[in-house]
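Visitor: One structure coming up, written as C-alpha cells, with questions to follow.
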Amino acid sequence: MSAESVSKIKYLKLWDILRQETDEEHPISTPDLLARLEECGIKCDRRTLYRNIEELNESGYEVLTKVGKPNGYYVVDRSFDIPEIHILMDAVQAAGFITEKKTKELVDKIAKLAGNKAAEVLKQNIVNFETVKSTNESIYYSVNEIATAINEGLKITFQYFDYNAQGKKVYRMRKSNPAERKTYKVNPLSTVFSSDKYYLICYDDYYDNLQHYRVDRMDAVTMIEEPITKNEKTKQPRVKEHKQQVFWMFTGKTEQVSFTADKFLIDVMHDTFGGKVKISEGANDTITFTANVQVSPTFIAWCCAFGKQLKVTAPQTVIDQVKAYITELNKGYGGGNGL
C-alpha cells in the first residue's frame with residue numbers, strides 16, 4: 001500500500017475513533033489515541049498526531065482539545081442529538097411491523113449514532129413496550145423493493161397472506177385456480193405508518209382505485225420493468241388526501257361527516273382528524289365539526305366507542321349505519337330489536 005493511501009486511511013481511522021469513542025465527558029488522551037491507531041495498524045508519533053488533528057479541524061471536522069498532561073481529544077458535533085436518537089429508538093421498539101431480530105439490530109445501529117459511550121447508556125434505558133412483533137423477516141427486502149420502485153416510477157408484483165388460527169401463513173389464491181397463489185400487480189405510490197402498522201398505498205389498474213396493503217403481509221415483492229400508470233388517481237395530492245380520509249387503513253365510500261361531541265374530546269378529535277379540521281363551540285359544553293372520512297365498519301365502530309359523548313349529525317346515510325350497527329350489537333348481547 002502506498003504512503004498516500006496509508007495517510008488517507010489514517011485520517012479516516014482517526015476521525016472514526018474520535019467520533020465513536022469520545023464525547024465531552026469521555027475525551028481520549030494522546031497516548032491512548034496513539035495506541036488505538038496502532039491497534040488499527042497505523043503507526044504515528046505525538047507531533048504528527050497534533051498536526052493531523054489540526055488538519056481535521058481546518059477541513060471542517062471539529063475536534064476539541066481538553067488541555068492537560070496529557071491532552072485529551074473529543075468530538076461533540078453529531079448528526080443527531082441524544083433526545084432525537086432516543087425518540088428513534090423508542091419508535092423502532094414500538095413498531096409492530098419490525099421483527100424482534102431486526103428491532104435489536106436497528107436499535108443497536110441507531111444507538112451508535114450517539115457514539116459508543118452514550119450508546120451503552122441509551123441501551124440500558126430501553127423500555128420494553130411489549131409490542132406484538134411481526135415474524136416476517138423479509139420485510140426489509142420488501143421495503144427496499146417498494147422504495148426503489150417508487151423512486152424509479154415502476155410497478156411491483158407481490159403475493160399476500162393472512163394468518164390462520166394456528167398462526168400459519170395462508171396465502172390468497174387465484175379465484176380461477178384455487179391451487180395457485182394470487183400475484184398482485186400494482187403501482188406503488190407511498191408508504192404510511194398507521195396504528196402501529198406499515199402500509200403500502202398503491203393504485204390498482206384493474207379496479208381503477210387506490211388500495212393499501214400491510215407491508216408485513218406482503219411476500220415475494222418484486223419490482224418490474226413497467227412504468228406506473230399516469231392518471232389523476234396516482235398524483236401525490238390525491239394520495240395525501242387518501243391518507244387523511246382512510247380510517248385506521250380501512251377504506252370505504254368518502255363522505256363529508258358532521259359531528260357533535262363533548263368539549264373535553266377536542267384533543268381526541270384533533271389527534272384523529274388533524275389540525276386542519278375546523279372545530280366550533282356549541283351549546284352546553286359541546287363542539288361541532290365536519291371531516292372528510294372514508295366510511296367503513298371500523299369508522300362506524302369508532303363513532304360508537306364514545307357513547308353519548310359523540311354523535312354523527314349528518315349525512316343521514318351515515319346516521320343510519322350507526323343506528324344499524326348499534327342494533328346488531330344489541331342483538332349480539334341478547335337485546336331486543338329497538339335502540
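Visitor: Taking amide H positions as placed in the peptide plane 1.01 Å from N, state which residues far from M173 in sequence (5 or more) or on other chains have amide H under 5 Å from it.
Guide: K182
Visitor: Can you give the local net charge around S134? Use residues other than it whose beta-carbon is closer than 10 angstrom to its beta-carbon, Lys and Arg +1, Asp and Glu -1.
Guide: Taking every Cβ under 10 Å from that of S134, the sum is +2.
Visitor: With a 10 Å radius around each residue's Cβ, average the other Cβ atoms per peptide and rank 12-18, 328-334, highest first. Don't skip to the end; give the middle numbers.
Guide: On the way: 12-18: 17.9, 328-334: 9.6.
Taking the mean over residues of other Cβ atoms within 10 Å, the ranking is 12-18, 328-334.
Visitor: Ok, one more. So how far, in whole Å, is the C-alpha centre of the range 270-339 from the one of the range 168-224?
Guide: Spelled out, the Cα-based centre of one part sits 30 Å from the other.
Visitor: Could you sort 253-259, 45-51 so that the peptide with the highest average Cβ count within 10 Å comes first and the rest follow in order?
Guide: Put in order of decreasing packing, that is 253-259, 45-51.
Visitor: K101: which aspartates and glutamates have alpha carbons under 14 Å from its alpha carbon, excluding same-chain residues fewer than 8 sequence positions away?
Guide: Those aspartates and glutamates meeting the cut-off are E137.
Visitor: Which entries in the list K13/K43; K197/K235; K133/K253 go over 20 Å, if you measure between the two C-alpha atoms of each?
Guide: Too far apart for the 20 Å limit: K197/K235; K133/K253.
Visitor: What net charge do the residues around Q321 carry, taking every other residue with its C-beta under 14 Å from that of Q321, with Lys and Arg at +1 and Asp and Glu at -1?
Guide: Working: positive: K253, K311, K323; negative: E255, D320, E328.
Cβ neighbours under 14 Å give a net charge of 0.
Visitor: Further question: Just to confirm a number: summing +1 for Lys and Arg and -1 for Asp and Glu over residues other than E226 whose beta-carbon lies under 12 angstrom from that of E226, what do you get?
Guide: -1
Visitor: Output the peptides 59-72, 166-179 sorted from most to least packed, where packing is the average of other Cβ atoms within 10 Å over each peptide's residues. Before the final figure, lay out each step's value.
Guide: Numbers: 59-72: 12.9, 166-179: 9.6.
Result, highest mean Cβ count within 10 Å first: 59-72, 166-179.
Every read-out reported here was derived from the displayed coordinates using simple, explicitly stated rules and does not represent laboratory data. As the structure is a prediction and not an experimental result, all values here were calculated from the model. Positions of Cβ are backbone-derived with ideal geometry, glycine not excepted, and every protein chain shown enters the neighbour counts.
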